[in-house]
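Encoded as structure tokens, the structure appears first; notes follow it.
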Amino acid sequence: LIDLEQNAETITSVSPVLIPGLLQDGGYIRAMMRSLPASEIATRVTLRIGRRDAITRRDPARFLAYVGEAALHHVIGNREVMLHQLEHLEQEIQRDNVELRIVPFDAGYHPGLAGHFTVFDLKPEHGLGAVVNAENQRSGLLMQDEEDVADFRHDIEEVAKVAMSPTASIGLIADVITGMRTRNEDTGKRR
């Protein structure tokens with residue numbers, strides 16, 4: 001996976017319920033990994049944060065993320081962790097090479113609901129063309145068969161039809177942040 005990210009010209013991610021790994025901050029990653037042995041968490045967090053190099057380096061990959069609205073509202077860790085994650089997301093999507101489009105709750109059925117997947121369009125010198133990574137909680141399946149890649153590209157086209165524009169997505173993220181700050185302030189006043 002790291003090799004694919006580092007050798008990609010374009011990375012397209014469909015993530016219905018979680019913030020994609022390349023856009024996660026440390027607190028969010030730690031909260032997701034809380035069920036792991038404590039001795040493994042620091043190493044895995046460092047590794048995942050290091051993977052961001054694919055989109056932050058001098059000649060970065062273009063990153064297009066289709067993220068389900070649920071990922072913005074489902075509190076991972078606690079509200080403070082989630083607020084920091086959303087603020088981090090706001091910063092990351094300001095990069096010229098990063099585009100994020102939210103798939104709203106009312107989008108109806110689309111292929112992205114079947115689970116997270118990523119299409120890597122690799123640099124020509126890598127010699128593989130495109131590779132798909134379909135993930136679940138325990139593992140990932142890498143596919144490079146042209147028919148498989150074409151099927152996942154079609155799925156991306158279907159998700160794109162129901163996704164919000166980048167501008168509307170930025171607005172929704174800002175609204176969720178404002179709402180979360182307000183709830184945090186209200187909770188603090190009641191204590």
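Within segment 25-47, the only residue that satisfies the criterion of being buried (at least 19 other Cβ atoms within 10 Å of the Cβ) and either hydroxyl-bearing (Ser, Thr, Tyr) or closer than 13 Å to GLU5 by Cβ (or both) is TYR28.
Quick one: in segment 8-24, of everything that is assigned to a strand (DSSP E or B) and not acidic (Asp, Glu), which residue is most open to solvent (accessible area, probe 1.4 Å)?
Kept after step one, since they are assigned to a strand (DSSP E or B), are these residues of segment 8-24: 8-15.
In the following step, the residues that additionally are not acidic (Asp, Glu) were identified as 8, 10-15.
Working: ALA8: 1, THR10: 39, ILE11: 2, THR12: 14, SER13: 3, VAL14: 4, SER15: 6 Å².
Filtering first and then ranking leaves THR10.
Just to be sure before I move on: is GLY50 assigned to a helix (DSSP H, G or I), in contact with a Gly (Cβ under 7 Å, 6 or more places away or on another chain) and surrounded by fewer than 21 Cβ atoms within 10 Å (Cβ to Cβ) in the structure I sent? For GLY50, the condition - assigned to a helix (DSSP H, G or I), in contact with a Gly (Cβ under 7 Å, 6 or more places away or on another chain) and surrounded by fewer than 21 Cβ atoms within 10 Å (Cβ to Cβ) - is not met.
Note on segment 90-121: residues that are under 19 Å from GLU157 (Cα atoms) and either buried (at least 17 other Cβ atoms within 10 Å of the Cβ) or among the aliphatic types (A, V, I, L, M) (or both) amount to 17. Checked against the criterion of being touching a residue at least 24 places away in the same chain (Cβ under 8 Å), over 17 Å from the mean Cα position of the chain (by Cα) and open to solvent by 80 Å² or more (accessible area, probe 1.4 Å), segment 128-141 has no qualifying residue.
The values are calculated or read from the model by the stated rules, or taken from the named source; none is laboratory data. Because the structure is a prediction, the values reported are computed rather than measured. Don't worry about glycine lacking a Cβ; one is built from the backbone with ideal geometry, like all the others, and counts go over all protein chains shown. For the accessible areas, the whole protein counts, side chains as well, though only heavy atoms, and no ligand, DNA or RNA atoms are used. Shrake-Rupley method; radii C 1.70, N 1.55, O 1.52, S 1.80 Å.
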